[in-house]
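These notes concern the structure reproduced below.
The values are calculated or read from the model by the stated rules, or taken from the named source; none is laboratory data. Note that the coordinates shown come from a computational prediction; the quantities given were computed from them, not determined experimentally. Heads up, the Cβs are rebuilt from the backbone with ideal geometry, glycines too, and the neighbour counts pull from every protein chain shown. SASA here: full protein model, heavy atoms, side chains in, ligands and nucleic acids out. Shrake-Rupley method; radii C 1.70, N 1.55, O 1.52, S 1.80 Å.
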Amino acid sequence: MNGNRKKSLTSEGRDAWILILPLLVLMIVFILIPVMSNFYYSMTKWKGIGTPEFIGLRNYSKLLTDERFFSALKTMGTLILYIPLGVLLPLIIAAILRDGLKGWKFFRSILFLPNILGAVILGTLFSVLFSQVGPLIQFLSSIGVEDAVRINLLGKSRTAIQILSLLFVVWLRLGFGCIYFLAAMGGIDNSYYDAAKIDGAGWWQTFFRVTVPSVSFAIQFFTVLAFIEVFARMYSMIFSLTGGGPGYATYTLEFGVYRIGFIGFQRGYASAWAVVLFLFCAIIALVQIRLIRKSEAA
Amino acid sequence: MTTSYRRLSTRLLIYIILVVFALLSLYPIFFALNSSLKNDYEYTNDKLALPSSPTLDQYESVLINYRMLRYMGNTILSVSIGTLLYMLICSFAGFAFGQLRFRGRLLVFTLVLFLQIFPQMVIASQVYQIASKLGLLNTRTGIILVWCAYFAPFGTYIMTTYFVGIPRELLEAARIDGAGLFRQLFSVMLPVAKPMLGTIGIIGALGMWNELPFALLFLQKQELRTLIQGIALMQGEYGLTVPTMSAAVLVSAFIPLSLFVVFQNHVTMGATAGSVKG
């Protein structure tokens, strides 16, 4: 009996490994090995061809004197400052839609639409919409704004970062956030709302005392996802919206790796950027894994 | 009287706010559609007005002269094969993690969760080296494999959370009937998981359709380009006018948008899959 059970367990183990083998091979070859080898290449001088020359930690000390590196950190800091707004806004809209407004499914779909278009198309379209010779400037001039051309939203460092943040962290995530929070709110027991009503709580009170605590896991998870987007999913949007400019104003670590490694052919130095990016991402990944474990245990 | 008036005005305010957000979501795509039907001269004259005599010339020039028809064929081919392979990989692994007990399960699954976060740019340089050693550069096989490697960890995570929720009795009953591993999978488990399979299929297909960094890296020959890659590169190469670029954008977005309209529920399910609990 016991032996039989053991046998079925070992055959189950063999089956399991057969099934995860394709995933495992692809992951090891195309993600794990590349991620790890960054650590080696970050200590070399290497153009992408030929033999890498070992130079110790020189790439890292170069980082500390590189204007682009600090510009990237600054951009990412600004983006992170927008995350609270990017979380709160869809949360409020979802709470409104949850009240059973007519046509809420339609709104939900419309708000999600930009996600279907993807970052490259959105970046390209917005670079036109905000350009010096674009429709926004024409509109502003037509309603009598003087010198509208001098506004130049994407051409000035300060406004370019703000536009990028608003688009990527707030606007683009709105549709996803609404769907996500609506699904989480679907699980709230209606009796909480009834109780709040009996207590005479207003809409905002109900929102902060009932809705927010009930979906606190979803809020935490959505916030982690926002960090992932900022650190690890921004390349395409920057490529097509600002190209990292003006100057280095909208560089992120991700975009820096691309410019330095693939346009500047300093692959060794770019690997040092990638290692820094790796560390940030690893921290976020660990937070996410802990959150998932916590939800499984609950 | 006053309370009902107040309620009505808050309602109205809410609708106005929602309509503003809806317009903000819709305007970019409307702008592209509107501009794509104008000729260059008309666009330069007035960027906001509707086209006075709509023309499809931009589409013709984009599809033929700028080779978008070719890029579309490339994209459809790579994305559909890639998505199928991705669905197989994710459902295999998701089934193993979600239903089977084996040594090292937790460790490998944690690795999957850990690796799904890294951006393309952390791995790009070395992926390029590996792919060139394996002879995968400038091949469809190469881009398909690297897309699968990059997107499968997340899909696997979603499939796993789904399979965890399926009672194990189903599997045990199939075993008692003498079903081997692949019969358990294809005739018992996958039919049960069909809705979620559709959902990850959409997530994967959209991800691949709109993917840029790996496409730029792998597909350097012009005849292999994807649509998104075409859009990203065309502006620099030809200095496209806005109407032409708009037509290119719509050509590229046409299939994803149609899929969205048809499979809305799968898409909305996909947005929440694997991450909403409690």
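Observations on the structure shown:
- The range A:112-158-the range B:19-75 distance, computed between alpha-carbon centres (Å): 16
- Simple Cβ-charge dipole of the protein assembly as shown, Lys/Arg +1 and Asp/Glu -1, about Cα centre, in debye nearest 20: 1320
- Spin-label pair A:LYS47/B:ILE166, simplified geometry with 7 Å Cα→Cβ offset, distance in nm: 5.4
- Projected-area mean, the range A:77-214, by convex hull of Cα positions, square nanometres: 11.0
- For the range B:94-224, size of Cβ-based charge dipole, Lys and Arg +1, Asp and Glu -1, in debye: 260
- Average 1/r across all pairs of distinct alpha carbons in the range B:1-120, invert it, and you get the Kirkwood radius: 20.8 Å.
- Spin-label pair B:LEU107-B:ASN265: with each label point 7 Å from Cα along the Cα-Cβ axis, the two points sit 4.3 nm from one another.
- The protein assembly as shown - Debye-derived log10 I(q)/I(0), Cα point model, q = 0.06, 0.09 Å⁻¹: -0.33, -0.76
- For the range B:73-272, accessible area per residue (1.4 Å probe, heavy atoms of protein chains only), Å²: 36
- Dividing the C-alpha radius of gyration of the range B:73-272 by 2.2 N^0.38 Å, with N its residue count, gives 1.16.
- Computed over the Cα atoms of the range A:138-226, pair by distinct pair, the Kirkwood hydrodynamic radius stands at 16.5 angstrom.
- Computed on the Cα trace of the range A:201-262, the radius of gyration divided by the Kirkwood hydrodynamic radius gives Rg/Rh = 1.29.
- Put simply, the Cα atoms of the range A:13-100 extend 64, 52, 20 Å along their principal axes, the longest span coming first.
- Rounded to the nearest 20 debye, the dipole magnitude of the range A:1-93 is 220 debye, with +1 charges on Lys and Arg beta carbons, -1 on Asp and Glu beta carbons, and the Cα centre as origin.
- Farthest toward the positive end of the dipole of the range A:147-298, out of A:CYS281, A:THR211, A:ALA270, is the Cα of A:ALA270, where the dipole comes from beta carbon charges about the Cα centre.
- Among B:ALA179, B:PHE163, B:GLY236 the positive-end extreme of the charge dipole of the range B:73-272 (Cβ point charges): B:ALA179
- Across the protein chains, with a 1.4 Å probe defining accessible surface, the residues B:LEU33, B:LEU50 rank B:LEU50, B:LEU33 from largest area downward.
- For the set A:ASP199, B:ASP40, A:ASP147, the ranking by accessible area, highest first and with no ligand, DNA or RNA atoms included, is A:ASP199, A:ASP147, B:ASP40 under a 1.4 Å probe.
- When A:LYS197, A:LYS62, A:LYS74 are compared by accessible area at a 1.4 angstrom probe, the order from most to least is A:LYS197, A:LYS74, A:LYS62.
- Degrees separating the helix B:68-99 axis from the principal Cα axis of chain B, which is the longest one: 30
- For A:LYS45, residues with placed amide H under 5 Å, excluding near neighbours: A:GLU53, A:PHE54, A:ILE55
- Zone residues, the range A:120-147, relative to A:LYS156, backbone N less than 15 Å from point 7 Å out along Cα-to-Cβ: A:131-132, A:137, A:146-147
- Here the sum of -39500 (n - 2.57) over DSSP H runs of 4 or more residues, divided by the residues of chain B, equals -23500 deg cm²/dmol at 222 nm, to the nearest 500.
- Hull shadow area, averaged, the range B:156-248 [alpha-carbon convex hull, nm²]: 9.0
- Dividing the alpha-carbon radius of gyration of chain A by the rule-of-thumb value 2.2 N^0.38 Å gives 1.27.
- Unit charges at the beta carbon, dipole of the protein assembly as shown: most positive-side option, B:THR55, A:LEU111, A:LEU129: A:LEU111
- Spin-label model, B:VAL19 to A:SER37: label points 7 Å out along the Cα-to-beta-carbon direction sit 5.8 nm apart.
- Exceeding the 32 Å Cα-Cα cut-off - candidates A:LYS294/B:LYS194; A:LYS45/A:LYS294; A:LYS47/B:LYS221; B:LYS133/B:LYS194; A:LYS62/B:LYS221; A:LYS102/A:LYS156: A:LYS45/A:LYS294; B:LYS133/B:LYS194; A:LYS62/B:LYS221; A:LYS102/A:LYS156
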